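K.L.:
My questions will all concern the structure given below.
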Amino acid sequence: MFRVVGVVGAGTMGQSIAEMLSVKGLDVHLVEKTPEKLQQAREMLELSLDRQLERWAITAAEKKLTLSRIHMEASLHDLAKCDLVIETISEELDSKKEVIRQLDDILASDAIVASNTSTLSLTELAGVSKYPGRVIGMHFVYPAFRIDVVEIIRGLQTSDETFGKTKSFIDHVLSKKGVMVYESPGYVTTRLICLLINEALHLLEEGVASPEDIDDAMSMGYSFEHGPLEMADRFGLDSVLAALERMFREYGELKYRPSFLLKKKVRAGQLGIKTGIGFFKYDKDGERLS
Amino acid sequence: MNILVINAGSSSLKYQLYDMKTETAMATGRVERIGMDSSILTHEVAHQPEVREVSEILDHTTAIKKVLDMLTHRKFGVLRNISDIQAVGHRVVHGGESFSESVLVDHSVKLEIRRLFDLAPLHNPAHMMGITAVEDNLPSVPQAVVFDTAFHQTMPPISYLYAIPTVLYRKHKIRRYGFHGTSHDYVSQRAAEFLGKPLDQLKLITCHIGNGASCTAILHGKSYDTSMGMTPLEGLMMGTRSGDLDPAVVPYTINKEDLTLNEVSSMLNKHSGLIAVSGVSSDMREIVEAMNEGNEKAKLAFDMYAYRIRKYIGAYVAAMDGADAIIFTAGVGENSDVLRKAVCERLTFFGVRLDEERNAIRSSEPRRITTDDSEISVLVVPTNEELLIARDTFRLVKNKAGGR
């Protein structure tokens, strides 16, 4: 079973995945392009652990142990020893292809390459690899350490062995529920949640209800932890927009067309938690202010 | 007969090798950081320097193999061949209602321990890995399991039931089980020997005060009531555990602080007790040190800790309608004369007369710390759970061989 895991991309999702893997006792190698981004990721990881410490979820010793298992790496070449590499860079086809192509020459032949893509074609990504059988999709839901479901996506050429190993890793090592999905833009989670968010935005645009009331209605009415607008703020409005646009293109159906309000917000740079403002305001720890 | 005693945790494993002719430990040691590439094996033989070896130990099977290699090592070992190990005894935390005594491992015992994973999710799976690992390395050697809960299976329903809907007991076996059973059992036997009276005529209160802490009322040699409950969280205040509290505090806190179940459970198990009240440490020595330097929060933590032990002693005197002796054991109980003094000084109502000089003496032997005219004797009896595990294993293996 995998013990040393590489994570490519130390953004919000990459940090969250790295933290979750380390808490499960795995050695994690987290790769980012620039030293500044690596440093920032390290600080964010510490901040995340400090917040859990404050909430009594972990002890100081556990925090230290978790951090000690996450190694910051500046190059993909540092991943040579990994049994599994999870790619979670930004959702751009060409950059993802480049990472997968480069990993061909770095990893051992029995290693597995997983992509955390939510809307791109896994078959297309795998197509650039010399070993498409070992490429699979592993779609985590943010925050990865709290949400216990992972979509496992089989591309056309993903081998049974790759699928079997991945599934048993998710079930037994990560103790999460692995849901098998076939390739389709947005799979289950992204497709359904983005539609809900988009519809909430239509409600807002039409002046049917205030942002607070829309969120309260859904979170209290249907036991969501956060309402659809706060969810969008937490995912990042740019990510939501990108996912909707891709699904709109792929399916060609109007229901996926992103709301104008969403586009406007993104153009204004109000991207949600990461910029401190989206549909609601947030402090630097990501706590909602209003 | 040589018996290997094993206490397997999820990423660690402690061992002791006993020569049962003399009941002495020939070697002791531990493996830490199992599952990582820099695991540490520490091995100790009496009168010899400690040996440390760092290597990659990925699972319990490899860990046991390393231990066996060390025990038969040309230089550091104490055995010529691994066939010199005639039996293995394991500590298992939770035996549920299925096990009221130690048993030899067979297929059905393993199934039952697996079935109990739910009740002890942190411990039993690790113990199981230890048992499997021994099977892999020593396939024909008999193994015994000794349960922390077994000794307390003699408790009557008035002690073990919680006053909540009984369907919860029937469906999920929610009840008091109690822990540290091996230790309470062992020190009560030693105490009876020390007092020179048969155990089945004594009323004893044993206080196992270590990192975890529990009190047991032992009526005529049998556990009658104990302070830990379904899990080791109930009862006394501990190093990092809260002990008794109003159960309504839990949902109230979850609501007020927006906590998840994991967070509140970690708060009560790892962030409460001495460390929470003192803000200094979960270690009694450091608490006493801080208290002596005038730290008021440390003093408060210490006083609460001692007060709660006294309350349980009072409760158990009432439960058994009297007591012949109170016994202190385990890390804090054996070593902190300050704590014993704080507890005993205010039990005069029951006729406890502490002898301060006796209390201050350090020793690894059972001893009395009350005056000769004290109505209730207070004893300090060093515990030795590993020895009891070895003895049980020895007895079970011998009986089986004799029965053939």
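The values are calculated or read from the model by the stated rules, or taken from the named source; none is laboratory data. Note that the structure is a prediction, hence the values are computed from the model and not measured. For neighbour counting, all protein chains shown are included, and Cβ atoms are generated from backbone atoms with ideal geometry for every residue, glycine included.
K.L.:
Looking at the stretch B:1-27, which of the residues that are in contact with a helix residue (DSSP H, G or I) (Cβ under 9 Å, 6 or more places away or on another chain) and free of Cβ contacts under 8 Å to residues at least 24 places away in the same chain is nearest to the other protein chains (Cβ to nearest Cβ)?
P.N.:
Once the filter is applied, the top-ranked residue is B:12.
K.L.:
Also, I was wondering about something else. Identify the single condition in (1) buried (at least 18 other Cβ atoms within 10 Å of the Cβ); (2) more than 18 Å from residue B:16 (Cα to Cα); (3) of a type in the set (Val, Ile, Thr) that residue B:361 does not satisfy, given that it satisfies every other one.
P.N.:
Every condition holds for residue B:361 apart from (1).
K.L.:
Here's something else I'd like to know. Name the residues in the stretch A:220-238 that are of a type in the set (Ser, Thr, Tyr) and in a helix (DSSP H, G or I), would you? If you could, list the steps in order and put the result at the bottom.
P.N.:
Here is the first cut: in the stretch A:220-238, the ones of a type in the set (Ser, Thr, Tyr) are A:222-223.
Hit for the stretch A:220-238 is A:222, nothing else.
K.L.:
Name the residue, out of A:221, A:207, A:272, that is crowded, with 17+ Cβ neighbours inside 10 Å and of a type in the set (Gly, Ala, Ser). Spell out how you get there, then give the answer.
P.N.:
On the way: A:221 fails: crowded, with 17+ Cβ neighbours inside 10 Å; A:207 fails: crowded, with 17+ Cβ neighbours inside 10 Å.
That would be A:272, the only listed residue that is crowded, with 17+ Cβ neighbours inside 10 Å and of a type in the set (Gly, Ala, Ser).
K.L.:
Exactly one of these conditions fails for residue B:191: (1) surrounded by fewer than 18 Cβ atoms within 10 Å (Cβ to Cβ); (2) at pLDDT 95 or above; (3) touching a Pro at 6+ places or on another chain (Cβ under 9 Å). Give me its number.
P.N.:
Among (1) surrounded by fewer than 18 Cβ atoms within 10 Å (Cβ to Cβ); (2) at pLDDT 95 or above; (3) touching a Pro at 6+ places or on another chain (Cβ under 9 Å), residue B:191 violates only (1).
K.L.:
Here is a follow-up. So if I check each of B:178, B:229, B:212, B:243, which one is under 27 Å from residue B:7 (Cβ atoms) and at pLDDT below 95?
P.N.:
Numbers: B:178 fails: at pLDDT below 95; B:229 fails: at pLDDT below 95; B:243 fails: at pLDDT below 95.
That would be B:212, the only listed residue that is under 27 Å from residue B:7 (Cβ atoms) and at pLDDT below 95.
K.L.:
So in the stretch B:22-33, with the set limited to residues that are among the hydroxyl-bearing types (Ser, Thr, Tyr) and in a strand (DSSP E or B), which one is surrounded by the most Cβ atoms within 10 Å (Cβ to Cβ)? Show your work before the answer.
P.N.:
Let us first name the residues in the stretch B:22-33 that are among the hydroxyl-bearing types (Ser, Thr, Tyr), namely B:22, B:24, B:28.
Of the ones still in play, those that are also in a strand (DSSP E or B) are B:24, B:28.
Values: B:24: 11, B:28: 18.
Only one residue fits best here, namely B:28.
K.L.:
Being surrounded by fewer than 19 Cβ atoms within 10 Å (Cβ to Cβ), farther than 21 Å from residue B:190 by Cα and not aliphatic (A, V, I, L, M) is the filter here; which residues of the stretch B:309-354 pass it?
P.N.:
B:310, B:311, B:314, B:321, B:341, B:345, B:346, B:348, B:349, B:350, B:351, B:353
K.L.:
Separate question: Do the conditions hold for residue B:276, that is, is it under 20 Å from residue B:154 (Cα atoms), hydrophobic (A, V, I, L, M, F, W, C) and over 15 Å from the mean Cα position of the chain (by Cα)? Step through it out loud before you land on a result.
P.N.:
Values: under 20 Å from residue B:154 (Cα atoms): no; hydrophobic (A, V, I, L, M, F, W, C): yes; over 15 Å from the mean Cα position of the chain (by Cα): yes.
For residue B:276, the condition - under 20 Å from residue B:154 (Cα atoms), hydrophobic (A, V, I, L, M, F, W, C) and over 15 Å from the mean Cα position of the chain (by Cα) - is not met.
K.L.:
Just the residues that are within 18 Å of residue A:165 (Cβ to Cβ) and within 14 Å of another protein chain (Cβ to nearest Cβ), please, taken from the stretch A:1-24.
P.N.:
Answer for the stretch A:1-24, where residues must be within 18 Å of residue A:165 (Cβ to Cβ) and within 14 Å of another protein chain (Cβ to nearest Cβ): A:1, A:2, A:3, A:4, A:5, A:21, A:24.
K.L.:
With the structure loaded, tell me whether residue B:130 is part of a helix (DSSP H, G or I) and within 25 Å of residue B:51 (Cα to Cα) or whether it fails that test. Don't jump to the end; show me each part of the working.
P.N.:
Details: part of a helix (DSSP H, G or I): yes; within 25 Å of residue B:51 (Cα to Cα): yes.
For residue B:130, the condition - part of a helix (DSSP H, G or I) and within 25 Å of residue B:51 (Cα to Cα) - is met.
K.L.:
Checking residue B:381 against (1) surrounded by fewer than 18 Cβ atoms within 10 Å (Cβ to Cβ); (2) in contact with a helix residue (DSSP H, G or I) (Cβ under 7 Å, 6 or more places away or on another chain), which single condition isn't satisfied?
P.N.:
(1)
K.L.:
Take residue A:240 and decide whether it is β-branched (Val, Ile, Thr), surrounded by fewer than 18 Cβ atoms within 10 Å (Cβ to Cβ), touching a residue at least 24 places away in the same chain (Cβ under 8 Å) and within 30 Å of residue A:52 (Cα to Cα).
P.N.:
Details: β-branched (Val, Ile, Thr): yes; surrounded by fewer than 18 Cβ atoms within 10 Å (Cβ to Cβ): no; touching a residue at least 24 places away in the same chain (Cβ under 8 Å): yes; within 30 Å of residue A:52 (Cα to Cα): yes.
No; evaluated as a whole, the condition is false for this residue.
K.L.:
Please work out which residue is nearest to residue B:78 (Cα to Cα), limiting yourself to the stretch B:34-50 and to residues that are loosely packed, with under 15 Cβ neighbours inside 10 Å and either touching a His at 6+ places or on another chain (Cβ under 6 Å) or within 14 Å of chain A (Cβ to nearest Cβ) (or both).
P.N.:
Going through the qualifying residues, I end up with B:38.
K.L.:
Let me ask something else. Within the stretch B:251-258, is even one residue of a type in the set (Phe, Trp, Tyr) and within 24 Å of residue B:387 (Cα to Cα)? Outline the logic, then answer.
P.N.:
Going through the stretch B:251-258, the residues of a type in the set (Phe, Trp, Tyr) turn out to be B:252.
Imposing the further condition that a residue be within 24 Å of residue B:387 (Cα to Cα) reduces the set to none.
The answer is no, given that none of the residues of the stretch B:251-258 is of a type in the set (Phe, Trp, Tyr) and within 24 Å of residue B:387 (Cα to Cα).
K.L.:
Pick from the stretch B:73-123 the residues that are within 18 Å of residue B:153 (Cα to Cα) and polar (S, T, N, Q): which of them is surrounded by the most Cβ atoms within 10 Å (Cβ to Cβ)?
P.N.:
Only one residue tops the list, namely B:102.
K.L.:
I need the full set of residues from the stretch B:241-284 which are among the acidic types (Asp, Glu), away from every other protein chain (no Cβ under 14 Å) and touching a Leu at 6+ places or on another chain (Cβ under 9 Å), in order please.
P.N.:
Keep residues of the stretch B:241-284 that are among the acidic types (Asp, Glu), which gives B:244, B:246, B:257-258, B:263, B:283.
In the following step, the residues that additionally are away from every other protein chain (no Cβ under 14 Å) were identified as B:244, B:246.
Correct list: B:244 only.
K.L.:
Here's something else I'd like to know. Looking only at the stretch A:243-256, filter to residues that are farther than 21 Å from residue A:90 by Cα and charged (D, E, K, R); which one of those is surrounded by the fewest Cβ atoms within 10 Å (Cβ to Cβ)? Break it down into steps so the answer makes sense when it comes.
P.N.:
As a first pass, look at the stretch A:243-256 and keep what is farther than 21 Å from residue A:90 by Cα: A:251-255.
Narrowing further to those that are charged (D, E, K, R): A:253, A:255.
Working: A:253: 9, A:255: 11.
The extreme case among them is A:253.
K.L.:
Is it the case that residue A:53 is in a helix (DSSP H, G or I) and either away from chain B (no Cβ under 14 Å) or in contact (Cβ under 8 Å) with a residue 24 or more places away in the chain (or both)?
P.N.:
Working: in a helix (DSSP H, G or I): yes; either away from chain B (no Cβ under 14 Å) or in contact (Cβ under 8 Å) with a residue 24 or more places away in the chain (or both): no.
Taking the combined requirement at face value, the residue does not satisfy it.
K.L.:
Which residues, taken from the stretch A:79-99, are touching a strand residue (DSSP E or B) at 6+ places or on another chain (Cβ under 6 Å) and assigned to a helix (DSSP H, G or I)?
P.N.:
Correct list: A:79, A:99.
K.L.:
Looking only at residues in the stretch A:57-77 that are assigned to a helix (DSSP H, G or I) and either within 18 Å of residue A:13 (Cβ to Cβ) or touching a residue at least 60 places away in the same chain (Cβ under 8 Å) (or both), which one is farthest from the other protein chains (Cβ to nearest Cβ)? It would help to see each step written out before you state the result.
P.N.:
First pass over the stretch A:57-77, keeping only residues assigned to a helix (DSSP H, G or I): A:60-68, A:76-77.
From what is left, the residues that are either within 18 Å of residue A:13 (Cβ to Cβ) or touching a residue at least 60 places away in the same chain (Cβ under 8 Å) (or both) are A:66, A:76.
Details: A:66: 13, A:76: 21 Å.
By that ranking, first place goes to A:76.
K.L.:
Select from the stretch B:237-252 the residues that are of a type outside the set (Gly, Ala, Ser), within 30 Å of the chain's Cα centre (by Cα) and within 28 Å of residue B:302 (Cβ to Cβ) and list them in ascending order.
P.N.:
Residues of the stretch B:237-252 of a type outside the set (Gly, Ala, Ser): B:237-238, B:240-241, B:244-247, B:249-252.
Going one step further and asking which of them are within 30 Å of the chain's Cα centre (by Cα), we end up with B:237-238, B:240-241, B:244-247, B:249-251.
Within the stretch B:237-252, B:237, B:238, B:240, B:241, B:244, B:245, B:246, B:247, B:249, B:250 meet the criteria.
K.L.:
Anything in the stretch A:239-290 that is outside any loop (DSSP other than H, G, I, E, B) and of a type in the set (Ser, Thr, Tyr)? List them, or say none. Please lay out each step first, then the result.
P.N.:
Let us first name the residues in the stretch A:239-290 that are outside any loop (DSSP other than H, G, I, E, B), namely A:239-251, A:254-256, A:260-267, A:272-275, A:277, A:281-282, A:288.
Selection gives A:239, A:251, A:256, A:275, A:282.
K.L.:
Within the stretch B:193-201, does at least one residue satisfy the condition of being farther than 30 Å from residue A:51 by Cβ, away from chain A (no Cβ under 14 Å) and assigned to a strand (DSSP E or B)?
P.N.:
Within the stretch B:193-201, the subset farther than 30 Å from residue A:51 by Cβ is B:193-201.
Right, trim to away from chain A (no Cβ under 14 Å) and you get B:193-201.
Then drop every residue that is not assigned to a strand (DSSP E or B), which leaves none.
No: zero hits.
K.L.:
Output the number of residues of the stretch A:109-158 satisfying the condition of being in contact (Cβ under 8 Å) with a residue 40 or more places away in the chain and in a loop (DSSP other than H, G, I, E, B). Break it down into steps so the answer makes sense when it comes.
P.N.:
Kept after step one, since they are in contact (Cβ under 8 Å) with a residue 40 or more places away in the chain, are these residues of the stretch A:109-158: A:112, A:114, A:116, A:118-123, A:137-145, A:149.
Add one more test, that the residue is in a loop (DSSP other than H, G, I, E, B), and what stays is A:116, A:118-121, A:141-145.
Number satisfying all stated conditions: 10.
K.L.:
So, one more: Within the stretch A:67-92, how many residues are exposed (fewer than 15 other Cβ atoms within 10 Å of the Cβ) and under 18 Å from the mean Cα position of the chain (by Cα)?
P.N.:
Number of matching residues: 2.
K.L.:
Residue check: is residue A:39 part of a helix (DSSP H, G or I) and more than 14 Å from chain B (Cβ to nearest Cβ)? Explain how you work it out, then say what you get.
P.N.:
On the way: part of a helix (DSSP H, G or I): yes; more than 14 Å from chain B (Cβ to nearest Cβ): yes.
The answer is yes for residue A:39.
K.L.:
Could you look through the stretch A:25-36, keep only residues that are more than 14 Å from chain B (Cβ to nearest Cβ) and outside any loop (DSSP other than H, G, I, E, B), and pick out the one that is surrounded by the most Cβ atoms within 10 Å (Cβ to Cβ)? If you could, list the steps in order and put the result at the bottom.
P.N.:
Here is the first cut: in the stretch A:25-36, the residues more than 14 Å from chain B (Cβ to nearest Cβ) are A:30-36.
Within this subset, residues satisfying the condition of being outside any loop (DSSP other than H, G, I, E, B) are A:30-31, A:35-36.
Details: A:30: 28, A:31: 26, A:35: 10, A:36: 9.
Among those that are more than 14 Å from chain B (Cβ to nearest Cβ) and outside any loop (DSSP other than H, G, I, E, B), it is A:30.
K.L.:
Pairs, please: C-beta under 9 Å, at least 6 apart or cross-chain, first residue assigned to a helix (DSSP H, G or I) and in the stretch B:294-309, second among the polar types (S, T, N, Q) and modelled with pLDDT under 95?
P.N.:
Filtered contacts from the stretch B:294-309: B:298/B:281.
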